[in-house]
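Chemist: Please read through the structure below; I'll follow up with questions.
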Amino acid sequence: MLADRLLQGPRGDDVLGNAAYRFIRLYVRLRHTPTVLGAEHVVGADGGPLIVVANHSSGVDPLLIQAVLPFEPRWMMAADMRHPLGEWLWRFGRIIFVDRASRDGAGVREAIRHLSGGGVLGLFPEGGIERQPEMLKPFQPGVGLLVRKSGARVLPIVIEGAAMAPTAWGALLRTSSPTIRIMPVIAYERSVTAAKVAADLQSRFESWTDWGVENA
């Protein structure tokens with residue numbers, strides 16, 4: 001029945017939320033035609049606390065990731081990217097904002113609360129979009145802090161060939177044929193420091209992509 005199909009999605013009985021999820025999948029399929037590798041690793045990632053970690057080269061990256069996952073991560077985003085015209089979208093997406101210009105840790109605390117409740121978090125540890133093609137930015141230690149504080153496992157996702165544009169929003173208007181590689185889930189020991197978690201993830205992404213690191 002139509003009503004049953006409307007209820008299918010990562011937001012339970014939230015019809016509007018599930019409709020948005022299906023729209024994202026349709027948009028990605030029609031405009032970006034991704035090749036997905038490693039989909040079997042999503043099964044092992046079912047259930048939180050879980051942090052989805054990906055490299056970031058395009059404004060369309062969060063949509064590409066959501067389109068290949070059966071669950072919905074809550075994304076972390078820099079507060080300076082919080083354009084007021086998109087406020088309805090930030091609220092609908094339940095975005096967790098982090099203020100990079102101050103010591104206010106409200107965003108980090110909200111992220112840890114979400115993970116501690118068995119939630120899924122999504123973040124780009126480079127802290128911004130890569131501006132040089134096929135180059136990584138240094139991974140920020142915040143990803144390690146979240147892993148340490150919450151005990152969350154990590155689901156790494158490698159994105160290559162996503163739409164590039166001068167602005168993050170501009171990528172949404174372009175077409176592309178990206179490759180999305182879902183890697184095996186990583187479970188870190190609680191004794192591993194935040195810095196070592198971040199360094200280990202960066203090293204893995206360097207190996208998986210064979211890319212260099214800016215300012216390295």
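Chemist: Does segment 57-64 contain at least one residue that is within 22 Å of ALA163 (Cβ to Cβ), of a type outside the set (A, V, I, L, M, F, W, C) and part of a helix (DSSP H, G or I)?
Modeler: Yes: segment 57-64 contains one or more residues that are within 22 Å of ALA163 (Cβ to Cβ), of a type outside the set (A, V, I, L, M, F, W, C) and part of a helix (DSSP H, G or I).
Chemist: Keeping to segment 153-190, report how many residues are touching a residue at least 40 places away in the same chain (Cβ under 8 Å), part of a loop (DSSP other than H, G, I, E, B) and hydrophobic (A, V, I, L, M, F, W, C).
Modeler: Qualifying residue count for the region: 7.
Chemist: Out of PRO125, PRO156, report the one residue that is open to solvent by less than 50 Å² (accessible area, probe 1.4 Å), modelled with pLDDT of 90 or more and more than 18 Å from VAL42 (Cα to Cα).
Modeler: The conditions single out PRO125.
Chemist: Does GLU134 count as charged (D, E, K, R) and either exposed (fewer than 15 other Cβ atoms within 10 Å of the Cβ) or at positive phi (or both)?
Modeler: yes
Chemist: Just one of (1) open to solvent by less than 20 Å² (accessible area, probe 1.4 Å); (2) free of Cβ contacts under 8 Å to residues at least 12 places away in the same chain trips up SER203, so point out which.
Modeler: (1)
For (1) assigned to a loop (DSSP other than H, G, I, E, B); (2) open to solvent by less than 20 Å² (accessible area, probe 1.4 Å); (3) modelled with pLDDT under 80; (4) at positive phi, each residue gets a yes or a no:
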{"position": "GLY17", "(1), (2), (3), (4)": "no, yes, yes, no"}
{"position": "ILE24", "(1), (2), (3), (4)": "no, no, no, no"}
{"position": "HIS41", "(1), (2), (3), (4)": "no, no, no, no"}
{"position": "ASP46", "(1), (2), (3), (4)": "yes, no, yes, no"}
{"position": "TRP90", "(1), (2), (3), (4)": "no, no, yes, no"}
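Chemist: Within segment 121-179, which residues are of a type in the set (Val, Ile, Thr) and in contact with a helix residue (DSSP H, G or I) (Cβ under 7 Å, 6 or more places away or on another chain)?
Modeler: Matches in segment 121-179: VAL143, VAL147, VAL154, ILE157, VAL158, ILE159, THR175.
The values are calculated or read from the model by the stated rules, or taken from the named source; none is laboratory data. What you see is a predicted model, and the numbers here were worked out from it, not measured in a lab. Every residue, glycine as well, gets a Cβ built from its backbone with ideal geometry; the counts of neighbours run over all protein chains shown. Quick note on the areas: whole protein, heavy atoms, side chains included, nothing else; ligands and nucleic acids left out. Shrake-Rupley method; radii C 1.70, N 1.55, O 1.52, S 1.80 Å.
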